[in-house]
Amino acid sequence: MDPAIWSRLPEEILDHILSLLPLKTFMNLRSTCKRFDSLIFSPSFISKHSSAAGAAASPPSLLLLSHPHFPSRVGVYDAATASWRSIHLSLSSASTSPRAAATLLSSSNGLFCLRNSSSLLISNFLTKSSRPIHFPTFPFDFDSLTLISTESGYSIFAHCSRSSFVYSSAAQSWSQFDGFSPALSESCRQEGVFFRGSLYFTTQEPIQIVRFDVRTGEWGSMETELPAGISFARLVSDGERKLYLVGGVGNNGISKTVKLWELDGGGDWVEIERLPEMMCRKFVSVCYHNYEHVYCFWHQGMICICCYTWPEILYYKVGRRTWHWLPKCPSLPEKWSCGFKWFSFVPQLYALV
């Protein structure tokens, strides 16, 4: 450990050694020196660490719970340790203060989209970095907003009245698309489901599935016939491989059971699971047949079904084909009764803002 020897260690070898460290250990080392801290912005280091991470254990699986009463604090559930904790959302960028208050809107592959009083913010909580995205129009009131993050960059989709807007991180600009505007479901500003280059949405009754091509800005209807007797429908995608449909089946808008379908290669919905009766009773009582409050998302091999009026998650483990309830956060005040919003968070070092 003679400093005279180690001080001559080539930087590329040291970078390679650091890239093999567990993500949590490396993040703790960032405060050691400015050079270590700046490594997370180096494309070569990101490439090395991403390759090393692919061969190592998968990153921690986290679920975040936000509430409008305290927008700057979120509950965090760690599935690996089955434990809860609370964190403060500390944002920093060239134009935001370290304690800037912002509301979580959407998440995708390690990045979050937030909104403050003057702009949208794209943030990587792991690297504590964020970038302001100025609104394309003023005022900017949207019916739906979705963040799409891939290895080649990210996009923001926003649907406003009869216009759709797409922000591209590559071009660092907004594109506006006018014309056809579907009557999207009023599910508390539902997000789109990204699948094979398009965003998919469910519409208001009569229920249909529509898609938006992110590249061309064109809307279209999905010709696949929906299952009979469906009373509400939500979509979930695992990325590029599979598209799922979560829906209630019943009469006169009242769900008697909740089922799960998968889109097969022929373009048909194939039933794969049914929610057990006792769990279905609880879910229906939670929603009180107001399914506009229901939303779904994919998280680390799980299909999560949530309700804005209930602080628990109903989830389905695809690999094990089992249903579960995730209990509410123990520190959650009893008086909170509406506005619960869950997000999937899988930390990604290479997800640059």
Inset, instruction - Considering only region 188-231, give the strands (runs of 3 or more DSSP E) lying wholly within it that have at least 1 residues that are out of contact with any Lys or Arg (no Cβ under 9 Å at 6 or more places or on another chain). - result: 193-195, 209-213
Legend entry - Meets criteria (closer than 18 Å to residue 106 by Cα and aliphatic (A, V, I, L, M)) for residue 346: yes
Legend entry - Residues within region 109-142 that are under 15 Å from the mean Cα position of the chain (by Cα) and either without any contact (Cβ under 8 Å) to a residue 12 or more places away in the chain or on the phi > 0 side of the Ramachandran plot (or both), tallied: 2
Legend entry - Residues of region 202-212 classified as exposed (fewer than 14 other Cβ atoms within 10 Å of the Cβ) and within 24 Å of the chain's Cα centre (by Cα), total: 1
Inset, instruction - With the condition kept exactly as written, say whether any residue in region 80-101 is among the charged types (D, E, K, R), at pLDDT below 55 and either part of a loop (DSSP other than H, G, I, E, B) or out of contact with any helix residue (DSSP H, G or I) (no Cβ under 6 Å at 6 or more places or on another chain) (or both). - result: yes
Legend entry - Test: residue in region 274-281 that is assigned to a strand (DSSP E or B) and free of Cβ contacts under 8 Å to residues at least 24 places away in the same chain: yes
Inset, instruction - Could you please give the count of residues in region 34-50 that are loosely packed, with under 11 Cβ neighbours inside 10 Å and either part of a loop (DSSP other than H, G, I, E, B) or modelled with pLDDT under 70 (or both)? - result: 1
Inset, instruction - Among the residues of region 142-156, count how many are over 16 Å from residue 177 (Cα atoms) and touching a strand residue (DSSP E or B) at 6+ places or on another chain (Cβ under 9 Å). - result: 6
Inset, instruction - Assess whether residue 311 counts as being in contact (Cβ under 8 Å) with a residue 12 or more places away in the chain, assigned by TED's automatic domain parsing to the domain that holds residue 233, farther than 21 Å from residue 277 by Cβ and not in a loop (DSSP other than H, G, I, E, B). - result: yes
Inset, instruction - Report yes if residue 258 is of a type outside the set (Phe, Trp, Tyr), more than 24 Å from the chain's Cα centre (by Cα) and either buried (at least 18 other Cβ atoms within 10 Å of the Cβ) or within 30 Å of residue 150 (Cβ to Cβ) (or both), otherwise no. - result: no
Inset, instruction - Could you tell me which residue of region 314-342 is modelled with the lowest pLDDT, considering only residues that are assigned to a loop (DSSP other than H, G, I, E, B) and either under 14 Å from residue 258 (Cβ atoms) or polar (S, T, N, Q) (or both)? - result: 337
Inset, instruction - Kindly indicate whether any position in region 246-261 is under 27 Å from residue 161 (Cα atoms) and assigned to a strand (DSSP E or B). - result: yes
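The values are calculated or read from the model by the stated rules, or taken from the named source; none is laboratory data. Since we're looking at a predicted model, the values are computed, not measured. Methodologically, a virtual Cβ is constructed for each residue, glycine included, from the backbone with ideal geometry; neighbour enumeration extends over all protein chains shown.
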